[in-house]
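What follows is calculated from the coordinates using simple rules that are stated; it is not laboratory data. Since this is a predicted model, take the numbers as computed values, not measurements. Quick reminder, even Gly has a Cβ in these numbers, built from the backbone with ideal geometry, and neighbours come from all protein chains shown.
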Amino acid sequence: MKEIIFIIITFSALGIFTLPKRSQYYQMLVTQIFLIVVTGYLMYLSFNRIGPLQIYLFELIGNDVSLVIDSLSAFFIFVINITILTGALYSKGYLKPYLRDKTRLEMAWHYFNFLLLHISMLMVVMLREGISFLVFWELMSVAAFFLIIFESDKQENKDAGIKFLIQMHVAFYFIITAFIICSIATGQNIGFDSLEQYFKTYPSFPVFLLFFIGFGIKAGFIPLHTWLIHAHPAAPSHISGIMSGVIIKMGIYGIVRVLTYIHSDLMPIGVFILIISIISGIFGVAIAIVQHDYKKLLAYHSIENIGIIGIGIGIGVMGLAINNPVLASLGFAGGLLHVLNHALFKSLLFYTAGSIYQQTHTRNIENLGGLMKKMPATAVLFLLGAAAISGLPPFNGFISEFLIYTGLFKSLMVSDSILSVTLLAGIVALAVIGGLAVFCFTKIFSIIFLGTVRSDKTRHSHEVRSSMLFPKFIIGILIIAIGVMPFLMLRPMAFVAGVIVDDTSSLRDMAGTMSGISLSLSLLIVFIGILLLIKLKLSKVRHTDIGPTWGCAYTGSDPALHQYSATSYAEYIIMKARLLVGVKKHFRYLTKEKIFPSETYFKTESSDVFDDNLISRPVGGLLSFMEKIAVFQTGNIQHYLLYAIVFVIVITIISIFGII
Amino acid sequence: MIIKELKILRQHGIQYVPDLKTAVLTPLFRGRPVIKEDPTDQETEKIKKLCPSNAITTEDGFGIDIGKCVFCKECALAYPDKIAFTNDYKIASNDKNNLIVRKGDSEIKFNENIVRPEVRKLFKNALKLRQVSAGGDNSCEFELYAAGNVNFDMGRYGIEFVASPRHADGIVITGPITENMSEALQICWDASPGPKVLILVGTDAISGGMFADSHAVNRKFLEKYPVDLYVPGNPAHPLTFINGVLRLIGK
Amino acid sequence: MGVGLVLILITSLIFPGIVSVVKAKVAARKGPRVMQHFYDIIKLMKKGNVYSRTTGFLFQLAPIIYFSTLLTAVFFIPVGNYKALFSFEGDFVMFAYLMASGRFIMIIAAMDTGSGFEGMGANREAFYSLLAEPVFFIIMGSIALHTGHNSFYDIFSSLYVESALTYFVSALSIYLIFWLSMIENSRLPVDDPNTHLELTMVHEVMVLDHSGFELGLIQLAGGLKFAIFGSLIFNLVLPIQNNYFVQLAFFPIVQIIYAVLVAFVESFRARNKMMRNAQWIITLSALSIVVFLTILIIHEKVGMLP
């Protein structure tokens, strides 16, 4: 049975190369649906069992390689499948303009890598044995690399792809080192199973740190995030959505999986995760506010949401440390539910961003404006994603944040002073992150869609075709469903958190709260409905006029020049967080030479302080050092022969004198 | 800090006029003119030459149009036995014909029949106005500002000036409506939601005053819309304005 | 439950009127009538609309959503012994985020006009509410820690049962919630609702383009916000009695005192320098941390070291 499935998948994937351009997409889609059905069935099987589901695959260097699916893996399978499916549906419309310019091989390679990404991500969450896990992890990075550099005609995209690849390999180095340490110390094979033994007998924190750095680079915690901010804008939008939606969640999966084996040293680990996550959350969203490129902005928001997930996981670990199952289960449930929620609304946001890019061919929000009139459906979907990511009811972001809040507040009462202060710091951090997210998304939505047109770029825009809208509607429905009916997610999350926490009864006790939330949200919708009806009735009776926006009847110039620009909206944050966001202003002062001043300019740009100091400066220093050494590379073969002779003479002298 | 200010408050005592409808102004105030005797034709010619703003009309007998009168009192000083100015400040009306004072008139009448029904229905308890200064000498704007101060406090009836025409129920125009302000006035009028009232305050607004013949004045706006209230005066006294508005909204 | 709701709704209609009357009396004016706010809203409901060409359906929808979120939030607040309709653990988190939803959609509507005025107001509103969020959470966290409960009704029921030190904590909390309500309603010292100078506008300028029915809803919402904060203050002030009549009598008294205080602040306090507003709001957060630390000390009865 397994062999048949394997053969079908392999041939189907390779078959993409043989088909003409139009049909390649459908081949990929069909294969993906097949994969989703198969893994969905496995998921269903795993939920109704006591222990994890185990399926033996094959033998590799003397080890048994099996698929091991527990609730955590099943949950991630669900997240992966939903995001890849909607991404694939969306890509049909998005890639259409590219079909003309790219060759058959390029498109086939893209679809093949898409499929490879899907397969490798599924295998990563289902495998426990070390070598196969690492092989598929590497395949995932390589496939993602090829997907990112799809638009390889631009140099900056290739640079972003290479940065991504290098940082993924640095991460890989950390992970494999940690695995090897565990394996050698315990004498078992490389794999997650050796972790169990290792963490029982040795201190947990150092090896956990290695794993955290490795998986954290993938996840995008600050200061390990610098690949994210280059890769997301460079990749085509359906890939950006999938990257933010699931690829970075693979890092979270890794960290949580490692945590399932750790039973000592939990408090320092928990506090450490919490602090890194708070920093990631606040810094991520603060830097996002000053961006002008909306895809970079969304990338920074992914960092912020990884921070929120990390806060949930951090307090979950702290709960395990002090044997407080309430804190532990609510923290983990909140953090992991946010994995799903973030995958949903972030992919929605990236897909709508892709639609905007397709219509306007610019990523700079200062050139957009007034798109609401031209692309109403896209605008409403973007607004939905924006409200969800800010954690506002009645959408799903609020539910996961609410779970984390409840965990924090409930544990506040049974903790000692130091822990209380830490928990309060978490509460304040979440509140501040929420406020900053509202600030950022009101800015981005308003500048792109509202007001009047700021430049010519939007002249030819119109609503995108329905094949691109359909997957976004599906995500939108899911967002609203989880938001308004959160009790649906209680039992699944109890199972998932149950992998780490033994006593998840507090989650089941939340049923009353969840129905309270649903009832109040239903009341909200009822009120809105009633008022809408009143308004509709009134509008028939009352007199309505249309006119220009009131601007004190100033007839001097074009109103579009007077509306707020993105930089002005973000001005307060730039002022208060100057060190952090690193916004530089370039302008020329007006001089007093003539009666009327001459033309001048004003430009702002921002740079990431971590990117500059951690990556660009050392790399720049290294490169300039290398350039000096490159003097030796003259290209002249006589010089190289000279180097060889000098080396031999030096070695001879040294060994004669017995130094070596 | 607060104690000191409360003490000052107590020292000042009651600052506001208790009843705006029955207040009595100083006899020096130039309010409604009375015509005790019709002047002879010769005197009429001289009075017409005296009047700086053509406020004397001789159709249907001698009359002073206080919509055009600048209250300079030259006619009363020249012929004190024929014409005199009283301190009656209730000179606002919604009918331009009622602004002409003839012999024997004892008050400026308000015409209840031409008040639009929606004005009475909506604005009895709250009226928000937007003031447009259409190129005058700012004296009426001062007086309107005073209508909202501690002394007169028209806010007690729910009447106040607001900043945005979208929030307003009516436009109050002062000044003769110059060419440069005509477009802005139209934009402001269009920007306020209906039903709305139009009030003209001051001689300049009602008739153009001394600038009526100027080429810099463009009063086409007034031909388009019905005016709900005329408040004469140069400048109009706050009590005139307030009593006029109160009569308009039916209080 | 219904009694509490009715009390809050009645307060929302009369509260702004009381504030105006007291302000006028302090300024030696005759002053408007107490019901003037109510008459204004009735008149607005009867008027027509003018919409800007730049705006879309979001602009017309926003005040409806804003008012609905506030109205739903009212159902979360208990009044004395009368339990709210929705009372569950963590309901104050939902309460805070419902109000944040309303603010979000109003900011979006303000930016929809494409005017510099509204952009300025929206920007400042987003910034100040961002800074003021932590205050509410820290205060609720502190009194949740103190009483060991997690929902509005449970917290307020058990607030005064334990010790007299609670009075100090709750006095500071009331002070902070008072200033928080001034920020939320865009009153002095953060914003001046009477002045319409660009330099100083925050909330007033955001609603510059609304008319008719929507403006009526926004003004209703203003009164409702004051009533909501007034009930919160009432809950903090009142040691729970089991006597319903005492509570019924006490509620209007607390609201009137609150309204008088608001009017006094409006009359006697000047507006902050705009650049200093952020600093002033952060000071409130710092004070709320003092509340939290006080409660920690009360419970541990030791210093900060474990």
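Can you sort A:182, A:552 from fewest to most other Cβ atoms within 10 Å of each residue's own Cβ? Kindly include the intermediate steps, with their values, before the conclusion.
Numbers: A:182 27, A:552 15.
Arranged by neighbour count, lowest to highest, A:182, A:552 become A:552, A:182.
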Within segment C:56-84, what residues put their amide N at less than 16 Å from the label point 7 Å along the Cα-to-Cβ vector of residue A:530? C:64-76
Taking Cα atoms, how many degrees apart are the long axis of helix B:238-249 and the longest axis of chain B, rounded to 10 and kept between 0 and 90? 80
Could you work out the relative contact order of chain A, using alpha carbon pairs under 8 angstrom and six or more residues apart, expressed as a whole percent? 12
Most packed first (mean Cβ within 10 Å per residue), the peptides A:532-543, A:378-389, A:495-506 order as A:378-389, A:495-506, A:532-543
Roughly how crowded by other chains is peptide A:381-392, in terms of the mean Cβ count from those chains within 10 Å of each of its Cβ atoms? 2
What FRET efficiency comes out for the pair residue B:107/residue B:179, r = Cβ-Cβ distance, R0 = 41 Å, nearest 0.05? 0.65
Looking at the square roots a ≥ b ≥ c of the eigenvalues of the Cα gyration tensor of the protein assembly as shown, which shape do they give, rounded for a/c under 1.5, prolate if a/b is larger than b/c, or oblate? prolate
First measure r as the distance between the Cβ atoms of residue A:462 and residue B:2, then evaluate 1/(1 + (r/R0)^6) with R0 = 60 Å and state the FRET efficiency to the nearest 0.05. 0.45
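Take the alpha carbon gyration tensor of segment A:608-660, find the square roots of its eigenvalues, order them as a ≥ b ≥ c, and report rounded if a/c is under 1.5; if not, report prolate when a/b exceeds b/c, else oblate. Show your work: numbers first, answer last.
Working: a/c = 7.49, a/b = 2.03, b/c = 3.69.
Here segment A:608-660 falls in the oblate category.
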Which ordering of A:462, A:238 is given by a fewest-first count of other beta-carbon atoms within 10 Å? A:462, A:238
Averaged over A:412-422, how many beta carbons belonging to a partner chain fall within 10 Å of each residue's beta carbon? 5
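Compute the length gained on full extension between residue A:617 and residue A:540: take 0.36 nm times their separation in residues and subtract their Cα-Cα distance, giving the result in nm to one decimal. Present the calculation step by step, with values, prior to reporting the outcome.
On the way: separation 77, 0.36 × 77 = 27.72 nm, distance 6.51 nm.
Gain on stretching residue A:617 to residue A:540: 21.2 nm.
With a sphere of radius 15 Å drawn around the Cβ of residue A:470, what net charge do the other residues whose Cβ falls strictly inside it have (Lys, Arg +1; Asp, Glu -1)?
Values: positive: A:92, A:96, A:465, A:472; negative: A:463.
Summing Lys and Arg as +1 and Asp and Glu as -1 gives +3.
Multiply the residue gap between residue A:55 and residue A:418 by 0.36 nm, knock off their C-alpha separation, and tell me the result in nm, one decimal place. Spell out each step's value before the answer.
Values: separation 363, 0.36 × 363 = 130.68 nm, distance 4.60 nm.
Extra length from residue A:55 to residue A:418 when fully extended: 126.1 nm.
What's the ranking of B:177-183, A:584-590 by average number of surrounding C-beta atoms within 10 Å, highest first?
Details: B:177-183: 17.0, A:584-590: 9.3.
Result, highest mean first: B:177-183, A:584-590.
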Quick one: of B:251/C:43; A:535/C:43; B:224/B:251; A:535/B:196; A:2/A:200; A:21/A:296, which pairs are farther than 25 Å apart, Cα to Cα? B:224/B:251; A:2/A:200; A:21/A:296
Rounded to 10°, Cα long-axis angle of helix C:277-300 versus longest principal axis of chain C: 20
Between the helical axis of C:91-112 and the dominant principal axis of chain C, each derived from Cα atoms, what acute angle in degrees is found, rounded to the nearest 10? 20
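Can you put A:121, C:275, A:489, A:468 in order, fewest other beta carbons within 10 Å first? Mind dumping the intermediate values first?
Numbers: A:121 29, C:275 9, A:489 21, A:468 25.
So the residues, fewest neighbours to most, are C:275, A:489, A:468, A:121.
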Pairs of Cα atoms under 8 Å, at least six residues apart: use those to get the relative contact order of segment B:1-159, whole percent. 25
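Helix-only estimate, please: 222 nm mean residue ellipticity of the protein assembly as shown, summing -39500 (n - 2.57) across DSSP H runs of length 4 or more and dividing by its residues, to the nearest 500. Intermediate results must be reported in sequence, preceding the final value.
Working: 47 runs with 755 residues, N = 1217.
-20500 deg cm²/dmol, from helical runs alone.
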Return the distance in nm (one decimal) between the two label points of a simple spin-label model at residue C:171 and residue A:600, each offset 7 Å from Cα along Cα→Cβ. 5.5
Do any of B:90/C:30; B:124/C:83; B:21/B:96; B:4/B:124; A:154/A:584 go past 31 Å between their Cα atoms, and which? B:124/C:83; B:4/B:124
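Just to confirm a number: summing +1 for Lys and Arg and -1 for Asp and Glu over residues other than residue A:25 whose beta-carbon lies under 10 angstrom from that of residue A:25, what do you get? Display every interim value, and only then the final one.
Numbers: positive: A:21, A:22, A:92, A:96; negative: none.
Summing Lys and Arg as +1 and Asp and Glu as -1 gives +4.
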Classify segment C:1-75 as rounded, prolate or oblate from the Cα gyration tensor: take a ≥ b ≥ c as the square roots of its eigenvalues, call it rounded if a/c is under 1.5, otherwise prolate when a/b beats b/c and oblate if not. oblate
